[in-house]
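Have a look at the structure below, then the notes.
The values are calculated or read from the model by the stated rules, or taken from the named source; none is laboratory data. Every value quoted in this text rests on a predicted model; they were computed, and no experiment measured them. No Cβ is skipped: glycine too gets one built from the backbone with ideal geometry, and neighbour counts run over all protein chains shown. Remember, those area values only see protein heavy atoms, side chains included, never the ligands or the DNA or RNA. Shrake-Rupley method; radii C 1.70, N 1.55, O 1.52, S 1.80 Å.
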Amino acid sequence: MAYEFKNLLVEVADGIAVVTINRPKSLNALNSETLAELDAAFAAIEADPEAKVLILTGSGEKSFVAGADISEMVNASAPEGRTMGLLARVAFKRLEDMEKPTIAAVNGFALGGGCEISMACDITLASDNAKFGQPEAGLGILPGFGGTQRLPRLTNKKIAKELIFGADIMISADEAMRIGLVNHVYPQAELMDEAKKLAKHFMLSSPYSIALAKQAINVGLDTDIDAGLKLEANLFGLSFATADKKEGMTCFLEKRMKERKFIGK
Ligand code: CAA
């Protein structure tokens, strides 16, 4: 199944929804129209029972996303800048909170809004030519699509400040992995296959278990450990009410784990 968008290619096949940001002439820069389309695509994938895992990538071999669209921002007023930031906040939060697993396949430059959208995904895989950075301060603005919040949480305060203050710093995929922005680095030709392999691996687990675990991790990290552990205990209890728990445990005890079938309930 394919969804129609102007700036995105969206295809669902074999349980995997691949969203490709497709503005190669501007290295897949995010303008307001693309941000709105991303929000619509994420909502459609969330609701699509055929889509079990989402992979987000950019078209071409040079760039994942080279940031927000500078040609749109150059003449934008303060309220227009704020509107653009809010549009990204809604779309990226929808991506971050999606109950299905999300994988960023970063196939080149992930700068500004590109680094920021990758951080809203559950997993980031990068090609060996990928470069990450937050160049906004070199343009007279600051990261506005989550960079000042997600980058220090994912790495640490000092690393985030160095990258954001030193706007021209671009780090390699290996360095991004070292600081916690990337799970694995692959040769570019293997990136999408590896992303699909991981997606298929996730599809062996109960989708409901994944949704609850994702909620426990995401909500828990933004609260204190005691509240997080209580949330985990409650969600752990809730998972006992599911058909998937019965299926998983029965298949284990009957030594037929390879036959297990989860329904996400
Ligand atoms: N917005 C609009 N157009 C962009 C763009 C962007 N973010 N990034 C690249 N492009 C365009 C270029 O203007 C160029 O267009 P033309 O062919 O019409 O001149 C085309 O894409 C190819 O780019 P380059 O010729 O610059 O390619 P390069 O290989 O020499 O350099 C690059 C690649 C290092 C990524 C360079 O394009 C670059 O520095 N891009 C801007 C990166 C950036 O500053 N991103 C942050 C944007 S602000 C932001 O994201 C705010 C936020 O928090 C959300």
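The figures follow:
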read-out: GluC sites (Glu not before Pro) within the range 178-265, DSSP loop, no more than 10 other Cβ atoms inside 10 Å; value: Glu254
read-out: Under 19 Å from Lys255, Cα to Cα: lysines that are on another chain or at least 8 residues apart; value: Lys245, Lys246
read-out: Long-range HN-HN contacts of Ser63 with modeled amide H, under 5 Å; value: Phe109
read-out: With every protein chain in place, the chain: carbon and sulfur % of accessible area (1.4 Å); value: 58
read-out: Packing-based order for 10-20, 120-130, 208-218, 148-158, using average beta carbon neighbours within 10 Å, highest first; value: 120-130, 10-20, 208-218, 148-158
read-out: Contact order relative to length of the range 2-202, as percent, for alpha carbon pairs under 8 angstrom and 6 or more apart; value: 19
read-out: Neighbourhood net charge (11 Å Cβ-Cβ; Lys/Arg +1, Asp/Glu -1) for Phe165; value: -1
read-out: Angle between the chain longest axis and helix 191-202 axis [Cα atoms, degrees, rounded to 10]; value: 30
read-out: For the range 1-99, the Rg and Dmax computed from alpha carbons only, in angstrom; value: 13.7, 44
read-out: Per-selection Rg to Rh, the range 129-259 - Cα, Kirkwood hydrodynamic radius; value: 1.09
read-out: Most fluctuating residue given options Lys246, Lys196, Lys100, as computed from a GNM of the chain linking Cα atoms under 10 Å; value: Lys246
read-out: Count of lysine pairs in the range 1-141 with Cα separation under 18 Å (8 or more residues apart, or interchain); value: 4
read-out: Amide hydrogen neighbours beyond the local backbone of Leu8, cut-off 5 Å, H modeled; value: Asn22
read-out: Diffusion coefficient, µm² s⁻¹, Stokes-Einstein with Kirkwood Rh over alpha-carbon pairs of the chain at 37 °C and 0.692 mPa s; value: 171
read-out: Shape call, the range 207-259: gyration tensor on alpha carbons, a/c limit 1.5; value: prolate
read-out: At most 15 other Cβ within 10 Å, DSSP loop - chymotrypsin sites (Phe, Trp or Tyr not before Pro), the range 108-154; value: none
read-out: For the range 55-70, Karplus couplings with θ = phi - 60° (6.51, -1.76, 1.60), whole Hz, Gly/Pro x; value: 10, 10, 8, x, 7, x, 10, 9, 9, 7, 8, 8, x, 5, 6, 5
